[in-house]
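The values are calculated or read from the model by the stated rules, or taken from the named source; none is laboratory data. These numbers were taken from a predicted model, which means no experiment stands behind them. Glycine also receives a Cβ, built like all others from the backbone with ideal geometry; neighbour counts cover every protein chain displayed. Surface areas here come from the heavy atoms of the whole protein model, side chains and all, with no ligands, DNA or RNA. Shrake-Rupley method; radii C 1.70, N 1.55, O 1.52, S 1.80 Å.
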Amino acid sequence: MTLKFGTSGLRGLVSELRGAPAFAYTGAFVRMLKDRGALNEGSKVYVGRDLRASSPDIAQLVHVAIAEAGLMPVDCGALSTPALALHASSENAPAIMVTGSHIPDDRNGLKFYRADGEIDKRDERDIVEIHAGMKDKALPMLPVEPARLGAEPSRRYAERFLGFFERGSLSGLRVGVYQHSSVARDIIVDVLRELGAETIPLGRAQHFIPVDTEALRREDVALLKDWAAAEPFDAIVSTDGDGDRPLVADNSGNFVRGDLVGAITAHFLGADCVVTPVTSNSALEHCGYFPRVVRTRVGSPYVIEGIGKALAEGATCVVGFEANGGVLLGSAVEKDGRALSALPTRDSLLPILCVMSAIATTGRPLAEIAADFRFLAGASGRLEGVSSETSATFLHKLAVDAAYADEVFADLGGVANIDNRDGVRITARNGEVVHFRASGNAPELRCYVEAKAQSRADELLGWGLALGRAQILES
C-alpha cells in the first residue's frame, strides 16, 4: 500500500486511493472534526480538485463520504488549492482538495483543511488512528449530488490580489504563462492581464503533465529556453498541478529557484521574519534583507508551526516559503495603503505577482534583482523508484557512521558538519553542501546541493545523485 501522509496531504497510487480508501479517509477526517465539536449536523464541507484524470471520480467519493457523515458537500469544481483554502476559511468551514500536486497522473491524493487552515501533524495522526479503527464498510450505492458553487471561490481568490496590487501596475511587462495542465492556468492569465501585463499563454496541454517546481523535467527546462529565445518576455511563469507552488523563469528562460522567488516575495512585502525549511539556500541568513530567519523541517505543516512561533515571539510581518517556491503569508500585510490578509497555506499567485511587481517598480530585469540576494548556486534532483525503506537505510548509515560518511565524501574533502533535522544535510570540508532526503509524497530520494558557481552546482548534483544511486545499489 503506497497511501500515506507526506509533506502535504495523503498521497498514493490512484489504484489504491480510488474507491473505499478515499471514502474512508474522508470519513476519518470529518469524524475527527465532529469529535472535536468543529462540525455539526448539516455543516458544509467544500471540495475542490485538480485536472488529473482520476480527480473527478475521487471527488465524487469524497462527496459521498461527507454526505454519509450527515454533512453537506459543496462542489467547488476544478480550482487551485489556495483558492479553495481561501474560500473555505472565509466561510469558516473545512475543505478537501483532491490533488496529487506535481506527482505523475497514476497517483493522486487528498489535502485536508480545517476551518482555520491546513491540518497539522497531530491532525494527521488522529486521522490515521480513526481510519485504522474504522470497520470495513461497503460504499453507498446511490451517488450524491452536492451543492455546486461554480466560479465564486476563484473570483474571491482573484479579487484578493486585485485589491492589493494596483490595477495597471504591471503595464509594460510581457509575461509568458506556461499553462500545461495546471488548474491555475487561466486565473494566472486573467489576473496578470487585469494588472496591465501583456500575457501570452504557452504550452496548454490536454493531458496531465507532472510539473515539479522543485525538480524541473528536462522537457520543461528546454521549453522555457526555447520560448525565451523565440520572443521577448520579461518573465515566464507557471505553477505545479494544483496551483500552490510557482514556477518563475527570467527573460532568458533561466529557472529562478523557489527559495529565491520566496525571498524576493518576502522582501517586496517587507517581511521582518522569514520561515523556511533547511532545504532553502544558506545565503538567506547572510543576504542582509531579513532580520530573522527561522529554519524548519520540510513541509508546510512545519513552516506553519514556525510562523506561529515567530508571531508569538513578536514578529510583525512573517512570510514562510519552501524551496519548491510555495509561499505562505503568515500575517496581514499593508503596502502603499492597501491591505492583504494572512493566508497560511502555500500559494503560487502571490509570489508570481510580487516578482512581477519587483520588475515593474525597479525597472530592472529579474536576473539582476535575483543577483542582489547573493544566493549560493543551487541545484536539486531526484532518484525515482527508490522506496522510503531503501532511502531510510542509506540515510541512517550516512547520519550515524562518521567513517562511512567521510569515506563517501572524500572527493569533497570529507565531512565538516551533518544536519539531521530533515534527511541528512552534509556540509563538506570544501564548503559545498549536499543534502539527501526521502520524498514524503513519492518513492524518490531527493538531492539538494549548493556551490559557489552554477556550473559547479550542476556538476555536484550529478555527483550526489550518482553517489546516492551507487550506495543504494550496494545496500
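Results, tabulated for the structure shown:
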| read-out | value |
| --- | --- |
| At R0 = 60 Å, FRET efficiency that the Cβ-Cβ distance of Arg156 and Ala410 yields, to 0.05 | 0.60 |
| Under Karplus coefficients 6.51, -1.76 and 1.60, residue-wise ³J(HN,Hα) of region 445-458 in Hz, glycine/proline x | 9, 9, 9, 10, 9, 9, 8, 6, 10, 5, 4, 6, 4, 5 |
| Region 1-46 - accessible surface per residue (Å², probe 1.4 Å) | 40 |
| Spatial separation of Cα centroids for region 145-210 and region 279-309, in angstrom | 28 |
| Region 157-308: antiparallel DSSP beta bridges as a percent of all, rounded to 5 | 30 |
| Gain on full stretching of the segment that runs from Ser90 to Arg148 - 0.36 nm per residue minus C-alpha separation | 19.2 nm |
| Stokes-Einstein translational diffusion, region 211-252 - Kirkwood Rh over all Cα pairs, 1.002 mPa s, 20 °C, in µm²/s | 202 |
| Additional length obtainable on full extension of the chain from Ser15 to Glu231, 0.36 nm per residue less Cα span | 73.5 nm |
| Note, ³J(HN,Hα) from phi for region 299-311, Karplus 6.51, -1.76, 1.60, rounded to Hz, x at Gly and Pro | x, 4, x, 6, 5, 4, 4, x, 4, x, 5, 4, 5 |
| Rounded if a/c under 1.5, otherwise prolate or oblate - the chain, Cα gyration tensor axes | oblate |
| Förster radius 30 Å - calculated FRET efficiency between Ser341 and Asn40, Cβ distance, rounded to 0.05 | 0.70 |
| Anisotropy class of region 363-446 from Cα gyration tensor, a/c 1.5 cut | oblate |
| Shape of region 14-102, Cα gyration tensor, a/c cut at 1.5 | oblate |
| Gain in span if fully extended, Asp372 to Trp463, counting 0.36 nm per residue against the direct Cα distance | 29.9 nm |
| For the chain, calculated [θ]222 nm from helices alone, where every DSSP H run of n ≥ 4 adds -39500 (n - 2.57) | -11500 deg cm²/dmol |
| Alpha-carbon centroids, region 35-83 and region 406-443: separation in whole Å | 41 |
